[in-house]
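Notes follow the structure.
The values are calculated or read from the model by the stated rules, or taken from the named source; none is laboratory data. On a predicted model such as this, the values are computed, not experimentally measured, just so you know. All Cβ positions, even for glycine, are placed from backbone atoms using ideal geometry, and neighbour counts span all protein chains on display.
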């Protein structure tokens, strides 16, 4: 089972003594992470053309990884919230740590629908070096699961399903992917949780895939081409 693989890293992260205020809005790295969920693979999942999709956005850099259930998010009434991780800051560091998030288009959510397609966008408009360009490791990662609680167990059968991940800086229009199952949850990774090997663009089980940018959505071609592995 590929559940949240953060326990040992969380302990290490919580002991770091660095000046911290993860929700600052300035600086080139503090770019929004946006996820948009679709019932069907769209003809175009261009970020600027998909404003009516279920949308999750955050500008926060998490201290620890955190799992979000899609039904709990979009099936509720809250359009914004905060995952408080401040207790994991070790002295003498101070500040507020956590994940501020915002939702859009809750009125379109259907709990019986199959949300299997996703647009991922994490982009720096004016990168100051190559490490901030598309195809390089971003400040956050996201993995998608069929089950609630970021479980890879099939919700309706006794079997393990594949999971899919993103952790690259994306193109401006975003990157797209379609899973063979309804997306039940997603895990937002802390910085450095999976920064090894090749970064992920809709990577199946952590295996790197060829970039499938939203401008190529009509082609529908996603093939395995590079390898990335979880940290042990």
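Residues checked against (1) over 23 Å from residue 99 (Cβ atoms); (2) surrounded by fewer than 22 Cβ atoms within 10 Å (Cβ to Cβ); (3) at pLDDT below 75:
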site: 168; (1), (2), (3): no, no, no
site: 172; (1), (2), (3): yes, yes, no
site: 199; (1), (2), (3): no, no, no
site: 202; (1), (2), (3): no, no, no
site: 205; (1), (2), (3): yes, yes, no
site: 210; (1), (2), (3): yes, yes, yes
site: 216; (1), (2), (3): yes, yes, yes
Quick one: in the range 121-140, of everything that is free of Cβ contacts under 8 Å to residues at least 40 places away in the same chain and in a loop (DSSP other than H, G, I, E, B), which residue is surrounded by the fewest Cβ atoms within 10 Å (Cβ to Cβ)?
-> 129
The correct count of residues that are touching a strand residue (DSSP E or B) at 6+ places or on another chain (Cβ under 9 Å), in contact (Cβ under 8 Å) with a residue 40 or more places away in the chain and part of a loop (DSSP other than H, G, I, E, B) in the range 141-180 is 11
Counted residues in the range 83-94 being surrounded by fewer than 20 Cβ atoms within 10 Å (Cβ to Cβ) and in a loop (DSSP other than H, G, I, E, B) come to 5
Any chance the range 150-157 includes a residue that's at pLDDT 95 or above and crowded, with 22+ Cβ neighbours inside 10 Å?
-> yes
Please work out which one of (1) surrounded by 12 or more Cβ atoms within 10 Å (Cβ to Cβ); (2) outside any strand (DSSP E or B) is the condition residue 118 fails and give its number.
-> (2)
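Residue-by-condition table, conditions (1) within 26 Å of residue 37 (Cα to Cα); (2) assigned to a strand (DSSP E or B):
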residue	(1), (2)
72	yes, no
81	yes, yes
96	no, no
103	yes, yes
Residues satisfying the stated conditions in the range 45-57, i.e. touching a strand residue (DSSP E or B) at 6+ places or on another chain (Cβ under 9 Å) and at pLDDT below 80 = 45, 46
Within the range 31-66, track down each residue that is surrounded by 18 or more Cβ atoms within 10 Å (Cβ to Cβ) and either free of Cβ contacts under 8 Å to residues at least 24 places away in the same chain or outside any loop (DSSP other than H, G, I, E, B) (or both).
-> 33, 34, 35, 36, 37, 38, 47, 54, 55, 56, 58, 66
Considering the range 183-197 alone, what residues qualify as being part of a loop (DSSP other than H, G, I, E, B) and modelled with pLDDT of 95 or more?
-> 183, 184
